[in-house]
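Encoded as structure tokens, the structure appears first; notes follow it.
The values are calculated or read from the model by the stated rules, or taken from the named source; none is laboratory data. None of these values were measured; they are calculated from a predicted model. Note: ideal-geometry Cβ built from the backbone for every residue, glycine included; neighbour counts use all protein chains shown.
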Amino acid sequence: MKTPMARVRGLGAAKSGTGTFIAERLTSLVLALLTPYVLGFFLYLIGKPRDIVLAWVGSIYLAPILAAFMITSVVHMRMGMQAIVEDYVHSHGLKTTLLVANWICCWSIALLSLFAILKIFVTQA
């Protein structure tokens, strides 16, 4: 049975999760918009000389889009893996270890990717 206040707040058995659900949907929407743009540039750059590729990746038109794409991808990946671990790993210690490893791995990928994009951007400017 729910109290009237619980019905008003909309809290279910888990007491949370709506924020993660909405964030997953927003990141997937952003990725659906950014992926064709990034993929189009990379398909265009296949076979081009290294200097041209670096000039495009370091340009003001592509570097911010790549940074946004990487951050959004990593956030989406982290939330997806967190949901999988929370749903299917039942040992508390293993679950905690995997969630921490997921967080460290995802943010390491994000920082290294942003560093690489920033380094190319600064050297091309």
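Please indicate, with yes or no, whether at least one residue in the range 86-106 is touching a Lys or Arg at 6+ places or on another chain (Cβ under 9 Å) and of a type in the set (Phe, Trp, Tyr).
Restricting attention to the range 86-106, the residues satisfying the condition of being touching a Lys or Arg at 6+ places or on another chain (Cβ under 9 Å) are 86, 89, 102-103, 105-106.
Retained after the next criterion (residues that are of a type in the set (Phe, Trp, Tyr)): 103.
Yes - at least one qualifying residue is present in the range 86-106.
Only one of 94, 66, 62, 98 is aliphatic (A, V, I, L, M), modelled with pLDDT of 95 or more and closer than 30 Å to residue 123 by Cα. Can you tell me which? Walk me through it before giving the result.
Numbers: 94 fails: closer than 30 Å to residue 123 by Cα; 62 fails: modelled with pLDDT of 95 or more; 98 fails: closer than 30 Å to residue 123 by Cα.
Testing whether each residue is aliphatic (A, V, I, L, M), modelled with pLDDT of 95 or more and closer than 30 Å to residue 123 by Cα leaves just 66.
Which condition breaks for residue 37 when tested against (1) surrounded by 12 or more Cβ atoms within 10 Å (Cβ to Cβ); (2) closer than 24 Å to residue 18 by Cα?
Tallying (1) surrounded by 12 or more Cβ atoms within 10 Å (Cβ to Cβ); (2) closer than 24 Å to residue 18 by Cα, residue 37 fails exactly one: (2).
Of these, 20, 27, 3, which one is surrounded by 13 or more Cβ atoms within 10 Å (Cβ to Cβ) and at pLDDT below 95?
On the way: 27 fails: at pLDDT below 95; 3 fails: surrounded by 13 or more Cβ atoms within 10 Å (Cβ to Cβ).
Unique residue meeting the criteria: 20.
Return a yes/no flag: does the range 42-52 have any residue that is under 22 Å from the mean Cα position of the chain (by Cα), at pLDDT below 95 and assigned to a helix (DSSP H, G or I).
Yes, there is a match, as at least one residue in the range 42-52 is under 22 Å from the mean Cα position of the chain (by Cα), at pLDDT below 95 and assigned to a helix (DSSP H, G or I).
Residue check: is residue 60 in a loop (DSSP other than H, G, I, E, B), more than 22 Å from residue 80 (Cα to Cα) and β-branched (Val, Ile, Thr)? Lay out the reasoning, then the answer.
Values: in a loop (DSSP other than H, G, I, E, B): yes; more than 22 Å from residue 80 (Cα to Cα): yes; β-branched (Val, Ile, Thr): yes.
It is true that residue 60 is in a loop (DSSP other than H, G, I, E, B), more than 22 Å from residue 80 (Cα to Cα) and β-branched (Val, Ile, Thr).
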